[in-house]
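> So that we are looking at the same thing, I have put the structure below in structure tokens.
What follows draws every value from the coordinates through simple rules; no lab data is involved. Source: prediction; values computed, not measured. Cβ placement follows ideal geometry from the backbone for every residue including glycine, while neighbour counts extend to all protein chains displayed.
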Amino acid sequence: MNNPDNKLHNETSPYLLQHADNPVNWHPWNEESLALAKNLNKPILLSIGYSACHWCHVMAHESFEDAGTAEIMNAHFINIKVDREERPDLDKIYQTAHSLLTSRSGGWPLTVFLSPDNQMPFFAGTYFPDKPRYNMPAFCEIMQLVTDAFKNKQTEIQQQEISINHILKNISSHSLSNETLNTLPLDLARKQLENAFRKTTGGFSDAPKFPHPDMLERCLRHYLFLKYQNKTDNRALEILTFTLDKMALGGFQDQIGGGFFRYSTDEFWMIPHFEKMLYDNAQLLKIYTQAFLVTRYPHYKHTLQLTADWLIREMQTEQGGYCSALDADTEKVEGQTYIWSPQQIKALLTEKEFSVFEKKYNLSKPANFEGNWHLHSDISNDALSNELNINIDELQNFLDSASSKLMAQRNTRIQPGRDDKILCSWNALTIYAMAQAGRCTNNERYIFSATQSAEFIFNTLWKNKRLLASYKDSKAHLMAYLDDYAYLLQAILEILQSQWRNTYYHWAIEIADSLLEYFEDKKDGGFFFTSHDHEKLLYRSKTFSDDAMPNGNGVAASALIRLGLLSGDKKYWDAAEKTIRCAHSSLNEQAMTHCSLLHALELYLSPGLIIILRGDDEQLKHWQKIVNCQFIPQLICIAINNETTAPDKLKNKIPVGDICAYICEGTHCLPVITNINDFENHINKRATTC
């Protein structure tokens, strides 16, 4: 359908382009659209979603593709479509407004009605059906009620707007704390995580179950934090490993192709919501890598390899950037690409392969997804090996062979749509996780993948020492947000531990300096989500709690502490400390929802461990392996070849013989170490393996 009044045809966002042929007169969010609403005195119907969202597709098919519904929308509203992944600033504002208006958490699709003169929300919801169902009124009924209210209840709307505006202005109001920073928030989070933990199914909630990798990392880091003090908290490690085991065995993980889906619809991690998001997989790759380093459990290494291989195979472009998501639906049917029948599987495998595969993935049990089987397991390979009296390596070979055959057949099916826009922040999360996985498992392919993405960002999204947020179809645009800078700084510091480049070190400095110049709240500490020269919106968000992604203030504080210790520049440390102090009251109230900031607090309280190796390439690799087989949260270890001239801040770390190590703990530096046994002994003091 060609609708000349639909203004989305020239957009690059796959989500917006999905609606470019709707009969709805959609507009992108821009000055022209907002001015049109004001000039016509029409309320704005703001619809926010993303391309892989199942319920966004449902509402689109039911309502936005319907000519009758579109006629009502066009007659009474200026309709604006927003991709929440490109405009997280707008999404954060109007999700908060939804919570204020409805006293419920939001989600996607987000449907908000705004006053035309000031973009203040006066009615909000999420998905609305085309006909009354799910105990909800029809979308057309909602629009009629909103239209009547806008015409006849302006006094009430204006009074409500005053109240909401006051609340929004105060949400980001935080002041610096002068109290002594201590471990109490870490201990509080530990208790809250214990109370939230689901003892029989893992995770921290009932269905729907989200992975919450930030909380899982907090459990791991609390265990290590106490272990370094010669204390034990095995329960924290048990919470982590029990949850990781459940997630890796269940249908929450794609057992054939690798990668994790967005969340589990049931409490057993069996049936997922089938979209795959880049940011989820980046965070889960990171936590499985860290857990493997601490536990040495081989199935964690297998899981991280499945995830990393999927990211490279299906999400990384030839240009180097990682795409954003895979759809939940195939041909408008959720999960269609991933489901099987036992007969289909049996026809593809040998008799022995099927006997093992059937037992592993419960194929003799009733169908678990709309008459079909979505692969999940409830038995570990060790337990299955004992039960079937098969050597563990032989068992793994059977499973690998079967998976390869099923993957080959699955690849002949129609595949879910891929959102191929490249987002700076999500790529940065993936760069960090991929580089860490490569460094810690000695996999050069993973390090190369991370570096390719970093190079893509440097060449396409880094302009005049500022970042852009999004890239698609040769167009880089949108001013970047706090998360873009914070995540990228963290990622570049990780890459430097894999392969030193002076250019990357200088880039990290430039990223940090731009972060301080354009985002820091100089008065009260912390960082705003949008830059000082960003488009003026209802309010400037400055938050400290994690959501589906780690909080930008928390990541920024950790990265700045690390950079401050590495570079010796106190301004980075000071900005990090002010951020933690600004968030102090939040940390003491809802600690477990602020895990990223708790990581920063832990780094602030613990002596940072900075190791700079100088030597020839062969010796450097050997010494690096000693470090890379450990997960030490406080550690940065970089290796600079003797022939490389170190940057000015590091120029005093001169080569001494074939190999040497400069080690500083906090502000205390040790004599240079040239003996590998002395070096290994020092690292073993921080050893993390169980």
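> How far, in nm, would the chain grow between Lys685 and Asp658 when pulled straight, counting 0.36 nm per residue and subtracting the alpha carbon separation? Don't jump to the answer; show the numbers that get you there.
On the way: separation 27, 0.36 × 27 = 9.72 nm, distance 2.44 nm.
Gain in length upon complete extension: 7.3 nm.
> What relative contact order, as a whole-number percentage, does region 318-428 give when Cα pairs under 8 Å and 6 or more residues apart are counted?
That works out to 47 percent.
> Counting other beta carbons within 10 Å of each Cβ, put Lys332, Lys621 in order, fewest first.
Lys332, Lys621
> Testing the spin-label approximation: label points 7 Å from Cα along Cα→Cβ at Cys629 and Asn178. State their distance in nm.
5.1 nm
> Return P(r) of region 377-494 (all Cα-Cα pairs; 10 Å bins starting at 0; whole %; ordered from short to long distances).
So the P(r) values, bin by bin, are 12, 27, 25, 21, 12, 3, 0.
> Which whole-number percent of Cα pairs in region 256-352 have a distance greater than 15 Å?
Counting pairs separated by more than 15 Å, the tail of P(r) holds 69 percent.
> Quick check on the chain: of the DSSP beta bridges with both residues there, what percent are antiparallel, nearest 5%? Could the numbers behind the result be given before it?
On the way: 42 of 58 bridges.
Bridges in the chain are about 70 percent antiparallel.
> Can you show me the helix-derived [θ] at 222 nm for the chain, built from DSSP H runs with n ≥ 4 at -39,500 (n - 2.57) apiece and divided by the number of residues, rounded to the nearest 500.
Rounded to the nearest 500, it is -15000 deg cm²/dmol.
> Moving on. Testing the spin-label approximation: label points 7 Å from Cα along Cα→Cβ at Asp206 and Ala67. State their distance in nm.
According to this spin-label approximation, the distance is 4.7 nm.
> Filter the chymotrypsin sites (Phe, Trp or Tyr not before Pro) in region 105-145 to those in DSSP coil with at most 11 other Cβ atoms within 10 Å of their Cβ, and list the result.
Sparse-neighbourhood loop chymotrypsin sites (Phe, Trp or Tyr not before Pro): Tyr134.
> Over region 14-171, what is the mean sequence separation of C-alpha contacts under 8 Å (at least six apart), divided by residue count, expressed as relative contact order in percent?
25 percent
> When you have a sec, figure out the Kirkwood radius of region 421-475 from all distinct Cα pair distances and drop it here in Å to one decimal? Before the final figure, lay out the partial values.
Working: mean 1/r = 0.0862 Å⁻¹.
Hydrodynamic radius (Kirkwood, Cα only) of region 421-475 equals 11.6 Å.
> Holding the Cα-Cα limit at 19 Å, pick out from Lys81/Lys421; Lys169/Lys542; Lys227/Lys685; Lys231/Lys286; Lys81/Lys276 the pairs that are longer than that. Write down the numbers at each step before the final one.
Values: Lys81/Lys421 17 Å; Lys169/Lys542 11 Å; Lys227/Lys685 11 Å; Lys231/Lys286 25 Å; Lys81/Lys276 22 Å.
Listed pairs above 19 Å: Lys231/Lys286; Lys81/Lys276.
> Ok, one more. When we measure straight from the Cα of Lys352, which aspartates and glutamates land under 14 angstrom away, once same-chain ones fewer than 8 places off are left out?
Lys352 reaches Glu394, Asp400.
> Next up: Under the definition of Cα pairs under 8 Å and six or more residues apart, what whole-number percent is the relative contact order of the chain?
Relative CO of the chain lands at 11 percent.
> Estimate the FRET efficiency between Gln229 and Val672 by the formula 1/(1 + (r/R0)^6), using the beta-carbon distance for r and 25 Å for R0, to the nearest 0.05.
After rounding to 0.05, the efficiency reads 0.35.
> Next question, about the same structure. If the only charges are +1 at each Lys and Arg Cβ and -1 at each Asp and Glu Cβ, what is the size of the charge dipole of the chain around the Cα centre, to the nearest 20 debye?
I would put it at about 1120 debye.
> Follow-up question, since we're still on this one. Using only Cα atoms, what Kirkwood radius does region 50-155 have, in angstroms?
One over the average 1/r among Cα pairs gives 14.4 Å for region 50-155.
> How do Thr155, Thr674 rank when sorted from fewest to most other Cβ atoms within 10 Å of their own Cβ? Could you put the intermediate results ahead of the total?
Values: Thr155 8, Thr674 14.
Fewest to most other Cβ atoms nearby, the residues stand as Thr155, Thr674.
> State the extension gain, in nm to one decimal, for the chain segment bounded by Asp513 and His532, taking 0.36 nm per residue of separation less the distance between their alpha-carbons.
Net length gain for the segment: 5.4 nm.
> To make sure I understand, if each residue's beta carbon is the centre and we count other beta carbons within 10 Å, what order do Asp309, Asp658, Asp148 fall in, fewest to most?
Details: Asp309 17, Asp658 13, Asp148 10.
Lowest count first: Asp148, Asp658, Asp309.
> Starting from the coordinates of the alpha-carbon atoms of region 342-413, obtain the Kirkwood hydrodynamic radius over all distinct pairs and give the value in Å to one decimal.
Averaging 1/r across every pair of different Cα atoms and inverting gives 12.7 Å.
> Another question about this same structure. Any chance you could check the Cα centroid distance between region 505-565 and region 348-383 for me, in angstrom?
One Cα centre to the other: 47 Å.
> With only Lys, Arg, Asp and Glu charged, each at its Cβ (+1 for the first two, -1 for the last two), find how big the charge dipole of region 609-684 is about the Cα centre; round to the nearest 20 debye.
Using Cβ point charges on Lys, Arg, Asp and Glu, region 609-684 gives about 220 debye.
> Decide, for region 1-101, between rounded, prolate and oblate: order the square roots of the alpha carbon gyration tensor eigenvalues as a ≥ b ≥ c, take rounded if a/c falls under 1.5, and otherwise choose prolate if a/b is larger than b/c, else oblate.
Verdict is rounded for region 1-101.
> When N is the residue count of the chain, what does its C-alpha Rg come to as a fraction of 2.2 N^0.38 Å?
Working: Rg = 26.0 Å, N = 690, 2.2 N^0.38 = 26.4 Å.
Relative to the 2.2 N^0.38 Å estimate, the chain comes out at 0.99.
> Sticking with this one: Apply the Debye scattering formula to region 609-684, with a single equal point scatterer on each alpha-carbon and no solvent, then give log10 I(q)/I(0) at q = 0.12, 0.26, 0.27 Å⁻¹.
Once normalised to I(0) and log-transformed, intensities are -0.28, -1.42, -1.52.
> Taking Cα centroids, how far is region 287-315 from region 65-84 in Å?
44 Å
> Which percent of Cα pairs goes in each bin when the distances of region 473-554 are cut into 5 angstrom slices starting at zero?
Answer for region 473-554: a P(r) of 3, 13, 22, 21, 19, 13, 6, 2, 0 percent.
> Express as a percent, rounded to the nearest 5, the fraction of DSSP beta bridges in region 14-171 (both residues included) that run antiparallel.
55 percent
> Right, something else. How are the alpha carbon pair distances in region 533-677 distributed across 5 Å bins from zero to the largest one, expressed in percent?
Over region 533-677, the share of Cα pairs per 5 Å bin runs 2, 9, 16, 17, 16, 13, 10, 8, 6, 3, 1, 0, 0 percent.
> Go through region 641-690 and name the trypsin sites (Lys or Arg not before Pro) that are in a DSSP coil and have 15 or fewer other Cβ atoms within 10 Å of their Cβ.
Lys651, Lys685
> How much length is gained if the chain between Asn170 and Ser99 is pulled fully straight, taking 0.36 nm per residue apart and subtracting their Cα-Cα distance, in nm to one decimal?
Value of the extension gain: 24.1 nm.
> Please get the size of the charge dipole for region 214-354, origin at its Cα centre, with Cβ charges of +1 on Lys and Arg and -1 on Asp and Glu, quoted in debye to the nearest 20.
760 debye
> Mind checking which of Met315, Pro132, Thr243 is farthest towards the positive end of the chain's charge dipole, using Cβ charges of +1 (Lys, Arg) and -1 (Asp, Glu) about the Cα centre?
Thr243
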